[in-house]
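Values quoted throughout were computed directly from the atomic coordinates according to the rules given, and no laboratory measurement underlies them. Computed from a predicted structure; not experimentally measured. Note that we place each Cβ from the backbone using ideal geometry, even for glycine, and neighbour counts take in every protein chain shown.
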Amino acid sequence: MRSRWVALDVGETLVDETRVWSAWADELAIPRLTFMAALGAALARGGDHGDVFGVLGLSPDAWRARIPAVEARYGGFRADDLYPDALPCLAALRAGGYRVAVVANQPAARSAQLRALGVHPDVLAMSDELGVAKPDPAFFGRALELMGEPPPGDVAYVGDRVDNDVLPAAAVGMRAVWLRRGPWGVIGSLPAGVEPPLVVASLDELAARIGEAWRDDAAPPAADVRGPGARPGRPR
């Protein structure tokens, strides 16, 4: 029987990005509350994260030149950056018979950092390693290649952003799952007429309800996911 995959984003899906945005505020000598408010304003206008710097009066070249300094302040992922439900969800999905991928828009170094924190999916790759980033359809094509080229409908892609995750994943035929947490998940909204197969508020909820992503599929679902201690189901 064919495998079903659950592929997950990283920022605001597995990892809380509060600390990296705080590093940006500190590097720019802007109060953190002011920076976060500007970020929210940029997102509410339908902009991308880079638009926050325009709100603050920085040109693209000016803020990109600061990236190495911000990375030095940030220092990469730490254990306390992982959401508490991240590792339990990955374990529950694997126990439920799903194969798991983590593919996201991140620097290449994040893959090793995630592994050091105990994130060991079947596939792990960042956009800088792939040479293409979301929402480009080629990103999802490369992800499918790494998974062994399953039919796109056998893959549920989980992310917090409508623009980068839900819409492009659905456009290539994946089961789009919207995780409504973090700035994009809270501020974002779905276009009229768009209804993802599954919308969840946490990875705990995802683990409990992931089978619903295929509720319109005649094929039998993978085993129910009941938590890390559940008996592994047969992969599909």
Residues of region 195-212 satisfying the condition of being more than 11 Å from R175 (Cβ to Cβ) and within 17 Å of the chain's Cα centre (by Cα): V199, V200, A201, S202, L203, D204, E205, L206, A207
Subset of region 43-59 (residues that are more than 23 Å from the chain's Cα centre (by Cα) and surrounded by 11 or more Cβ atoms within 10 Å (Cβ to Cβ)): G54, V55, L56, L58
Pick from region 91-126, criterion of a type in the set (S, T, N, Q) and not in a helix (DSSP H, G or I), ranking: nearest to D80 (Cα to Cα): Q106
Candidate set: region 19-42, residues that are assigned to a loop (DSSP other than H, G, I, E, B) and in contact (Cβ under 8 Å) with a residue 24 or more places away in the chain; chosen: the one surrounded by the fewest Cβ atoms within 10 Å (Cβ to Cβ): I30
Scan of region 38-85 for residues that are aromatic (F, W, Y) and under 12 Å from L28 (Cβ atoms), ordered by number: F53, W63
Test: residue in region 143-162 that is within 12 Å of the chain's Cα centre (by Cα), under 25 Å from A42 (Cα atoms) and among the aliphatic types (A, V, I, L, M): yes
Output for region 91-103, where each listed residue is out of contact with any strand residue (DSSP E or B) (no Cβ under 6 Å at 6 or more places or on another chain) and among the hydrophobic types (A, V, I, L, M, F, W, C): A91, A92, A95
Selection count where residues are acidic (D, E) and out of contact with any helix residue (DSSP H, G or I) (no Cβ under 7 Å at 6 or more places or on another chain), scope region 25-80: 4
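Here's the yes/no breakdown for (1) crowded, with 22+ Cβ neighbours inside 10 Å; (2) under 16 Å from the mean Cα position of the chain (by Cα); (3) in contact (Cβ under 8 Å) with a residue 24 or more places away in the chain:
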position: G75; (1), (2), (3): no, no, no
position: L114; (1), (2), (3): yes, yes, yes
position: V123; (1), (2), (3): no, yes, yes
position: G131; (1), (2), (3): no, no, no
position: P135; (1), (2), (3): no, yes, yes
position: A138; (1), (2), (3): no, no, no
Residue selected from region 61-84 under the condition of a type in the set (A, V, I, L, M) and either part of a helix (DSSP H, G or I) or touching a His at 6+ places or on another chain (Cβ under 9 Å) (or both), by the criterion farthest from V102 (Cα to Cα): A62
